[in-house]
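Down below is the structure, laid out as structure tokens.
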């Protein structure tokens, strides 16, 4: 196998020995977006469909009309 020249932006600790070339090429061609979630976010969702459902809900919530700003009534003083 031909060795590639060392990329100055790559750290020495990267190990691609188990890598698969073109693993996501078909998805890329289909236009699928791959998004890396932070660990704490990923742990909150059991599946990719759960993430998609939550994101669709956020989109729907953004489409709701905003109501006028309501003032919150102060609690009455228990001493009175």
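Return the FRET efficiency for the residue pair residue 7, residue 63: r is the Cβ-Cβ distance, R0 is 41 Å, and the value is rounded to the nearest 0.05. Provide the component values of the computation, followed by the final result.
Working: r = 44 Å, r/R0 = 1.07.
The value I calculate is 0.40.
A Stokes-Einstein calculation at 10 °C with viscosity 1.306 mPa s, built on the Kirkwood radius of the range 1-70 over Cα pairs, returns a diffusion coefficient of 94 µm²/s. Calculated FRET efficiency, residue 23 to residue 50, Cβ-Cβ distance, R0 = 22 Å: about 0.40 to the nearest 0.05.
Computed from the coordinates by the stated procedures, all read-outs in this text should not be read as laboratory data. Just so we're clear, the structure is a prediction, and the values are computed from it rather than from any experiment. For neighbour counting, all protein chains shown are included, and Cβ atoms are generated from backbone atoms with ideal geometry for every residue, glycine included.
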